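Only one structure is covered here, and it is reproduced in the block below.
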């Protein structure tokens, strides 16, 4: 940090098991990635190349090398996994992971219908090759999954070999964990947390109000994902109580101790 301030929430240090910030790269150029890392690299733990953008991204290997050289792992979005699976190309997907030396893979079923046992089989197989993140929740705004089903799916995917589970929100923050307005389905989140450890969940929260809600609920070291590159530093200030939205939150906690 550039100067001393007292009573700042303690942040976990990289490489960390929780307190994660996952950034969403929707097609940055190599030069933009270099600029992004120069300003925000210290606060980013992992980068998702959104949905199937890697299929059309120019200079993909060069871009991935920039992230790797900075010590920031990148991975392909779950929709790419689904695109391969629905075409009967799972083995080809595994070869793509090897070709690009991917340390992580995301398994999701937000766009396709998939038996959950089959999804868990994919998680198990891929966990022999890479570290697996599995995404729970549908991209269909009309599909409302009850809390007990979220819990069941998350636990089974962790048991199948997922390192962490991701709560679906899309890049717009208006499905899955959230209502179409972007409002958090608070009862759902709180019920999930009665059964699934908070450090095992990455909550997709692309909107500032969503980030604030999770930080106030779970503290500075909640795992948050789908963060736009230009929102990484603003998010870190929210985590540290240095933006108006959480300015008094951590100071009030300190006074109460």
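Could you calculate the FRET efficiency of residue 179 with residue 159 from 1/(1 + (r/R0)^6), where r is the beta carbon distance between them and R0 is 41 Å, rounded to 0.05?
0.90
Return, ordered by residue number, the residues of the stretch 1-19 whose backbone nitrogen is under 15 Å from a label point located 7 Å along Cα→Cβ of residue 255.
Flagged as within label range: 7.
In the stretch 19-62, whose amide N lies under 20 Å from the spot 7 Å out along Cα-to-Cβ of residue 208? List them in ranges.
Those under the cut-off are 21-24, 40, 43-44.
Under the classification rounded if a/c is under 1.5, otherwise prolate if a/b is larger than b/c and oblate if not, where does the stretch 132-257 fall, given a ≥ b ≥ c as square roots of the Cα gyration tensor eigenvalues?
prolate
Extension gain residue 242-residue 6, at 0.36 nm per residue separation less the Cα-Cα distance, in nm?
Length difference between fully extended and current span is 83.8 nm.
Label the chain by shape, choosing from rounded, prolate and oblate, from the square roots a ≥ b ≥ c of the eigenvalues of the Cα gyration tensor; if a/c is under 1.5 it is rounded, and otherwise prolate applies when a/b is larger than b/c, oblate when it is not.
Note, shape of the chain comes out oblate.
A short reminder: the numbers here are calculations on the coordinates, not readings from a lab. Being a predicted model, the structure only gives us computed values, none of them experimental. Counting neighbours? That spans all protein chains shown, and the Cβs are built from the backbone with ideal geometry, glycine included.
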